[in-house]
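Enquirer: Structure below; questions to follow.
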Amino acid sequence: MASPQPVHDLGQLILTLRGQRVILDSDLAALYDVPTKALNQAVKRNEDRFPTEFAFQLAREEVAILRSQFVTSSSHGGRRFLPYVFTEHGVLMAANVLNSARAVAVSVALVKAFVRVRELLATNQSVAKRLTEAEKTLMLHDSALRDIYQRIQPLLQPPPEPLRKKIGF
């Protein structure tokens with residue numbers, strides 16, 4: 001059994017799949033300090049508590065993408081079944097079905113990590129919006145400065161030499 005993850009690493013376990021932030025069953029089981037098989041059995045025994053908004057099983061294509069992202073071995077050992085992933089609400093429900101003090105404590109830390117990820121995403125969207133507005137303003141100022149420069153440029157040229165009257169015949 002892997003040692004539990006420190007609380008500051010929990011945000012790294014959260015992935016985005018199918019437009020939802022989720023955590024893999026193996027990571028959740030390691031945090032709860034139970035075998036992955038035991039976690040999945042508890043979920044299957046309580047299927048009515050885990051609608052698809054709380055937990056879902058990954059498709060083969062999704063598993064292949066995850067393997068390529070994390071560079072894990074797919075030829076030796078590994079799993080016989082496709083992994084499950086749990087959303088923020090699924091993490092809480094898993095703690096309820098496991099019914100241990102450790103599961104409750106870890107689920108609270110996980111929910112805090114989900115909230116922190118959500119806040120970071122909202123902050124990033126806010127910053128991106130402000131940068132877009134600043135860029136638009138700069139573009140307007142840039143075009144106005146170019147216009148002013150084009151109008152001033154003829155004034156910066158040296159004046160033409162005055163015409164001299166010819167002396168003599």
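Bear in mind that the values in this text are calculations on the coordinates, not laboratory data. Please read these numbers as outputs of a predicted model, since none were measured by experiment. Note: ideal-geometry Cβ built from the backbone for every residue, glycine included; neighbour counts use all protein chains shown.
Enquirer: Label-point separation (nm) for Tyr149 and Glu119, each offset 7 Å from Cα along Cα-to-Cβ?
Expert: Label-label distance for Tyr149 and Glu119, simple model: 4.4 nm.
Enquirer: Once fully extended, how much extra length lies between Ala59 and Leu17, figured as 0.36 nm per residue of separation less the alpha-carbon to alpha-carbon distance?
Expert: Extending this stretch completely gives an extra 14.0 nm.
Enquirer: To continue, here is another question. What are the residues whose amide H is under 5 Å from the amide H of Ala55, where those residues sit 5 or more places off or on another chain and H is modelled from the backbone?
Expert: Thr87
Enquirer: Now for a separate question. Given a Förster radius of 25 Å and the C-beta distance between Glu133 and Val104 as r, what FRET efficiency does 1/(1 + (r/R0)^6) yield to the nearest 0.05? Each step should come with its number before you reach the end.
Expert: Values: r = 44 Å, r/R0 = 1.76.
After rounding, the FRET efficiency stands at 0.05.
Enquirer: What does the C-alpha gyration tensor say about the overall shape of the stretch 77-162? Classify as rounded when a/c is under 1.5, otherwise prolate if a/b is larger than b/c, or oblate.
Expert: Note, shape of the stretch 77-162 comes out prolate.
Enquirer: Using a Gaussian network for the chain with springs between C-alpha atoms less than 10 Å apart, which of these wobbles most: Tyr32, Tyr149, Tyr84?
Expert: Tyr149
Enquirer: Mean-square fluctuation check for the chain, GNM, Cα pairs under 10 Å: which of Gln57, Gln20, Gln150 is largest?
Expert: Result for the chain, Cα springs under 10 Å: Gln150 fluctuates most.
Enquirer: Moving on. Kindly point out which whole DSSP H helices in the chain project their C-alpha atoms 30 angstrom or further along the helix axis while averaging a Kyte-Doolittle hydropathy of -0.5 or above.
Expert: Membrane-span-like by this criterion, though nothing is claimed about a membrane: 101-156.
Enquirer: Ok, one more. Cα centroid distance between the stretch 117-139 and the stretch 24-55, in Å?
Expert: If you average the Cα positions of each part, the centres end up 37 Å apart.
Enquirer: Another question, then. With springs only between Cα atoms under 10 Å apart, run a GNM on the chain and tell me which of Ile65, Ile152, Ile23 wobbles the most.
Expert: Of Ile65, Ile152, Ile23, the Gaussian network model singles out Ile152 as fluctuating most.
Enquirer: Using only alpha carbon positions, build the gyration tensor of the chain, then give the equivalent ellipsoid semi-axes as the square roots of 5 times its eigenvalues, largest first, whole angstrom.
Expert: With the √(5λ) rule applied to the chain, the semi-axes are 66, 18, 13 Å.
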